[in-house]
1. Would you kindly compute the Cα radius of gyration of segment 135-207 and its largest Cα-Cα separation (Dmax), both in Å?
2. Just subtract the alpha-carbon distance of residue 4 and residue 66 from 0.36 nm times their residue separation and send over the number in nm, one decimal.
3. GNM on the chain, C-alpha springs below 10 Å: top fluctuator among 58, 103, 73?
4. Just subtract the alpha-carbon distance of residue 150 and residue 58 from 0.36 nm times their residue separation and send over the number in nm, one decimal.
5. Pulled fully out, how much extra length does the chain show between residue 176 and residue 50, if you take 0.36 nm times their separation in residues and subtract their Cα-Cα distance?
6. In whole Å, what three semi-axes, largest first, describe the equivalent ellipsoid of the chain built from its Cα gyration tensor (square root of 5 times each eigenvalue)?
7. Between residue 93 and residue 73, what is the label-point separation in nm under the 7 Å Cα-to-beta-carbon projection?
8. Do the alpha carbons of any pairs in 53/153; 55/100; 41/187; 25/100; 93/216 sit beyond 31 Å of each other, and which pairs?
Amino acid sequence: MDKKISFIGVGPGDPDLLTIKALKKIKSADVILWADSLIPKKIINFSHEDSEKIKTSNLTLEKITSIMIERFNEGKTVIRLHDGDPCLYGAVKEQINILKKRNISSEVIPGVSAFQIAAAYHQAELTIPEITQTIILTRAGGRTGMPEKESLKDLARHKSSLCLYLSARHIKSSQKTLLEFYPPETKVIVGYRVSWDDGWTSLIELKDMEKFTLEKGLIRTTIFIVSPAIDSEANRSNLYDPSYKHLFRNK
Ligand SMILES: C[S@@+](CC[C@H](N)C(=O)[O-])C[C@H]1O[C@@H](n2cnc3c(N)ncnc32)[C@H](O)[C@@H]1O
């Protein structure tokens, strides 16, 4: 079998949310590089005693990839752990590109993302027929900046479910922009370190988002889900409507 470096999404924090595939890889890896500021130690504890565990929070991209390449070329099984799902704000592609240039194959194993666990804790369905069928996953600009065509103003116009990652520091301007489009009473799920031992979520209204964020001192590891679908009196879907026939129920 072709050897590969695995980029693994380990979910939002709770080890029980790991996929079986992720767990198997963590248990058998020789070398584990992990984003220690965003992944709890509990997850690393699944690894075997002799594995080499490398924290990446204070390393550069060049250093991380050179360690991966070196160990991989020594014949070791190398895995790189990312919080949540690697496809979201994971800085995973830049690593894959460097490996590709060195003819090293890789694979990505998905994980549960922060918005999913925060929605699950509130039993929220973010796509309710006739309210919204769209979820926008985005962030406030900050140092990374945003492509001009993706300004929060342009995205908020849709009044869909909207999840804000990496945005706690910019909550004042975010709230102001969102209030131009969503009613002030729109429900917002705020989640801090959701599914960690010290994590929590809260259901608030959009008009209180800035005040709440400042009062709680939220700066990092916070997700906001703004949605007209939260707490709505859900309209019934076609899927389970007796008058609606489909492939699996045609009578
Ligand atoms: C670098 S991004 C990575 C996102 C991650 N790949 C994901 O799919 O959730 C980190 C941001 O994700 C959000 N986040 C990740 N884990 C979280 C958690 N357990 N609780 C709340 N927010 C979380 C926060 O907005 C945090 O600032």
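Values in this text are rule-based calculations from the coordinates and carry no lab data. A quick note: this is a predicted structure, and the numbers were derived from the prediction, not measured. Positions of Cβ are generated from backbone atoms using ideal geometry, with glycine treated the same way; all protein chains shown enter the neighbour counts.
1. Every Cα atom of segment 135-207 included, Rg and Dmax give 12.6, 38 Å.
2. 20.8 nm
3. Result: 103 has the largest fluctuation of those listed.
4. In short, 30.1 nm is gained.
5. 40.2 nm
6. That gives 36, 23, 17 Å for the three semi-axes.
7. Taking the simple label geometry, residue 73 and residue 93 are separated by 2.7 nm.
8. Where the Cα-Cα span goes over 31 Å, the pairs concerned are 53/153; 41/187; 93/216.
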